[in-house]
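Worksheet: one structure, shown below.
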Amino acid sequence: MVREWSRVVISLLVLPVVVTIAAIISSDPALILGIIFPLVFIAILLSLDKKAVLQITISQLSSDVLRVGEELKLEANVSIPQGFGLIVFRFPTSERFEITDGTNVHTVFKGLQPIERKYSYRLKALRRGNFQFSNIQYTYYPALGLLNKSEGIVPVNMTIKVLPNIRILKKSQIRTRSRYQVPRQSRTRLGPYSTDFVSIRDYAVGDPYKFVNWKASSRLTNQDKLLVNEYEREGLRTFIFILDRGELMTHGTGEENPLEYGIAFLLSYAKLLLGHSINVGVWIVPQAGEKRSRNFVLPSSGTEHYQRIKEMLLIAEPVTAESPLRLASQSYAVLPEYEQHEVLIKIIKESRPTIVIISNVTSSNLNQLKRFANMLLRLRARVSLVDVMPYSIIAKHGSMNTGLPLKSILLPMKKKEQYGLLPQAVSIVSWDPAFESIGKAVRSSLVATRLNL
Amino acid sequence: MNLGRRGGVERDRMEKTQIILLSVLISLASGIVIYASGPTLVSETVGIVIVFFSFLMGILSSTPTASGVSKIAWLIFSFLLLVACLAFGYVALVLKFPFGSYPLNPDALGLSVLLVELSIISSTLFVTYRKFEFDFKKAGYEVDEIRSELSSFSRMFVFVALGSVTLSLLIYLFLQIVPQLQIDSLSVLIIATIVYFAIARYVLRTKNRKMETKEESSLTTSSSPSKESSIDRKSDKKKKNGVGGKGGTLGKILGTK
């Protein structure tokens, strides 16, 4: 770009030289005109070539909490009092947002007059999450290319929260009658703590610090141990959701994949269960280097608890694989991480919950799922597996390269064979989110978990 | 959506067709000036050749690439200077060209050279306009906005060029009219050379400084896969080529470091 302008400058420098030579040879004084003009022209242009001074502000004209599919309106005010050249702006956006109206890139020619401009554009949220809108970028191309092309940023501190679109399920929509009679009241309850004291026992991982009985602990001769007060707990049955975040959950697009559908399913399901005073806990598969405590919400009930689950799932991102080796060893093998998870094991032992694993079952993770399900069954938990199948999503976006083995796409019947390899006590719900609604999937899962609401 | 678009922009827009038309008309005018300056075979032939080249420029501008437009303007310019060298002065005297004593009007030739220079500038502006329009369009910018801004840029450039022409003519007339300042052509050439060197040194020094700093900030690592980065890369290429920089031929001639 600047090369083009430099061509003008070079032309203006070459012209007088050539004319001067011709004037000397021809001794024609009128050719002086041809020498003066380029010099005057370049002198005027040089006097205009100044550094740009910009003032840019950006304002948000809609709420900073949106739902997926809702729009965000942004307005930028640009003021350029000094400079001579083209200025290119790039206003902030995010890859998880789609521009629906206007554009975030603009170009302005700054001439002799100061410039005041106002630009607005609309963005549509495509995916849940917390999105930090980064800086406004600009590039100034001075008209003659004599000054440096300068680039700059204007910091923007804007965070937009996009909530997932969940389905509020009514009782009438998911009325189920299981063939099995299972009491709603769990043998072991795991709701919020009441004030009814039960006993003093040894501290275990996951116990709230406020229950530590310091006096009793100090009386102990063995200083390594802590004692806690145990209180009676409220609540009915306990449901624990385990959400897989492995590579297989990302098949599809960034916005439409088993993970995104799994989160919407989980939130809708959790809201329904919490509405019936059932304790709900959520575990998401941890990413390498993540704190374990940030990846689970202990089982509890109430509307506040729903917010806790929602906040955690809002920022849940898939486990990224850096190399094929890592993909095989870690991304697919994330579930067995929980085989050693003390808190989870303790809760399973205490409450014998219904565990709903949300995953995408393929031959790659079948063995891990099988091992994990066996471990849960040994702990006497009820296990249900929701298999979020991405085939229809992939077919919908047919041209994309998902890296999925061809036979898995072409032969979904293989699923049956795969399910046969899992323990028989595991109830399996096969869900195709492109065709079946969340309500239908929840209903199937309720039947599978033998819960009568 | 641009809420702050100036109302008058659409009306006053200077499209690239207008720029090339201006360029063609100016070079045509230079041919006509030569043709009309004297009823000699040389002036008529030179005038007709320039007119022919001007039409050729117009035809080339309508081709998809329009690459040769500014080259034609340079060709007219070179042709005019060649004719000037052969028609007057030492070459004609030594080689005894059969052009006659006054084959061309010297004043008309001077004016013609000025017009062709103007044509060179406007044709370069046309090429620049096309290049920018193509690059920005490819980068996904709003076509209407780009055209509007490039029109403002072109208009400004043309106004500055016309102002320079006026000022140049005034300087020239001033030198011609005021008797006490009547300087011989050689002195004027010396003065012009000094002014030229002063400006050229300033321009090349600025260029050299630019090459040395090589600041190219890290901002080019933008997140979106916009084609704007390709524009940046082109400017980087320009830096490597070192237009008029340390290694440039012009720089060597002028002795800039």
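The values are calculated or read from the model by the stated rules, or taken from the named source; none is laboratory data. Note that the structure is a prediction, hence the values are computed from the model and not measured. Methodologically, a virtual Cβ is constructed for each residue, glycine included, from the backbone with ideal geometry; neighbour enumeration extends over all protein chains shown.
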Any residue at all in the range A:101-112 that is within 30 Å of B:L169 (Cα to Cα), facing chain B (nearest Cβ under 7 Å), touching an Asp or Glu at 6+ places or on another chain (Cβ under 6 Å) and assigned to a strand (DSSP E or B)? yes
Could you go through the range B:129-146 and let me know if any residue there is closer than 20 Å to A:V18 by Cα and facing chain A (nearest Cβ under 7 Å). no
Can you tell me which residues in the range B:159-201 are modelled with pLDDT under 75, surrounded by fewer than 17 Cβ atoms within 10 Å (Cβ to Cβ) and facing another protein chain (nearest Cβ under 7 Å)? B:S185
Can you name the condition, by its number, that B:E44 falls short on among (1) touching a residue at least 24 places away in the same chain (Cβ under 8 Å); (2) more than 18 Å from the chain's Cα centre (by Cα); (3) assigned to a helix (DSSP H, G or I)? (1)
If you take the residues of the range B:66-93 that are among the hydroxyl-bearing types (S, T, Y) and modelled with pLDDT under 80, which of them is farthest from the chain's Cα centre (by Cα)? B:Y90
I'd like to know if the range A:269-277 contains one or more residues that are surrounded by fewer than 23 Cβ atoms within 10 Å (Cβ to Cβ), modelled with pLDDT of 85 or more, under 24 Å from A:V386 (Cα atoms) and in contact with a strand residue (DSSP E or B) (Cβ under 7 Å, 6 or more places away or on another chain). yes
Anything in the range A:43-64 that is closer than 23 Å to B:L186 by Cα and either buried (at least 22 other Cβ atoms within 10 Å of the Cβ) or modelled with pLDDT of 85 or more (or both)? List them, or say none. none
Qualifying residue in the range A:135-143 (condition: assigned to a loop (DSSP other than H, G, I, E, B) and closer than 27 Å to B:F132 by Cα): yes
Please state which one of A:G254, A:G206 is at pLDDT 75 or above, among the small types (G, A, S) and within 20 Å of A:E304 (Cα to Cα). A:G206
In the range A:411-440, which residues are over 19 Å from A:H251 (Cα atoms), touching a residue at least 40 places away in the same chain (Cβ under 8 Å) and part of a helix (DSSP H, G or I)? A:Y419, A:L421, A:G439
Can you tell me which residue is surrounded by the most Cβ atoms within 10 Å (Cβ to Cβ) among those in the range A:225-250 that are in contact with a Phe, Trp or Tyr (Cβ under 9 Å, 6 or more places away or on another chain) and under 23 Å from A:E317 (Cα atoms)? A:F241
Could you say which residue among A:I345, A:I309, A:I358, A:I393 is surrounded by 13 or more Cβ atoms within 10 Å (Cβ to Cβ), at pLDDT below 85 and closer than 22 Å to A:L267 by Cα? A:I393
May I ask you to list the residues in the range B:147-158 that are more than 9 Å from every other protein chain (Cβ to nearest Cβ) and farther than 20 Å from A:F37 by Cα? B:R147
Restricting the range A:65-95 to residues that are outside any strand (DSSP E or B) and surrounded by fewer than 18 Cβ atoms within 10 Å (Cβ to Cβ), the one farthest from the other protein chains (Cβ to nearest Cβ) turns out to be A:G69
